[in-house]
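Contents: one structure, followed by commentary.
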Amino acid sequence: MDVLTNLCDQMVALHLRIISYDKRILLEGRKDPKVMLLRTLPEVGPATASATVATAGDGHQFRDGREFAAWLELKPISRSSGGNERLERISKIKDRYHRRLLVTGMTAD
C-alpha cells in the first residue's frame, strides 16, 4: 500500500508542476506580441504559439503559410508511380515536437 501512496503522491506532484509550467508559458506568451498574434489563429494555444515564435522568429523570412509548412517539413509523403500520384501521411522529418503541437491543435475538438 505504501508503494501506491508514493506513486499517487508523485503523480499529484507531477500534475501540479505541469499546471505551473502551463501558467508560466501563458504569462510569458502574453508579454510577446508575436505570440499574441499567433494566438488569434484558430486552434493555436500558448504552447504552440510560443514554440512557433521560438522556432521561426518573426516569420518574415516566409512568403506565406505554405512556405512555412515546407520549412517545417509538414508535407504529405508522395508515393507516385506510373502517373498515379498518392499522398500519404505527413512526414516526421524535421521538428517532431512542433509538428505534434500543430497537428494536435488542428485535430482537437
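Quick note: the coordinates plus some simple rules give every number you see, no bench work behind them. Because the structure is predicted, anything quoted here is derived from the model rather than measured. Ideal geometry is used to build each Cβ from the backbone, glycine not excepted, and the neighbour counts take in all protein chains shown.
Please arrange V12, V44, V35, V103 by counting, for each residue, the other beta carbons lying within 10 Å of its beta carbon, fewest first. Display every interim value, and only then the final one.
On the way: V12 10, V44 18, V35 22, V103 13.
Taking fewest neighbouring Cβ atoms as first place, the list is V12, V103, V44, V35.
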For E73, other-chain or 5+-apart residues with amide H closer than 5 Å (H placed, Pro excluded) are none
Spatial separation of Cα centroids for segment 95-109 and segment 1-61, in angstrom: 13
Hz values of 3J(HN,Hα) by residue in segment 59-67 - Karplus curve (6.51, -1.76, 1.60), Gly and Pro given as x: x, 5, 6, 10, 6, 7, x, 5, 5
Counting other Cβ atoms within 10 Å, which trypsin sites (Lys or Arg not before Pro) in segment 1-69 have at most 15 and lie in a DSSP loop? R63
In whole Hz and in residue order, list the ³J(HN,Hα) couplings for segment 51-57 that follow from phi through the Karplus curve 6.51 cos²θ - 1.76 cosθ + 1.60, θ = phi - 60°; x for Gly and Pro. 5, 5, 5, 5, 7, 10, x
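Quick check on the exposure proxy: order I18, I25 from fewest to most C-beta atoms within 10 angstrom. Write out the running numbers ahead of the final one.
On the way: I18 10, I25 17.
The order, fewest Cβ neighbours first, is I18, I25.
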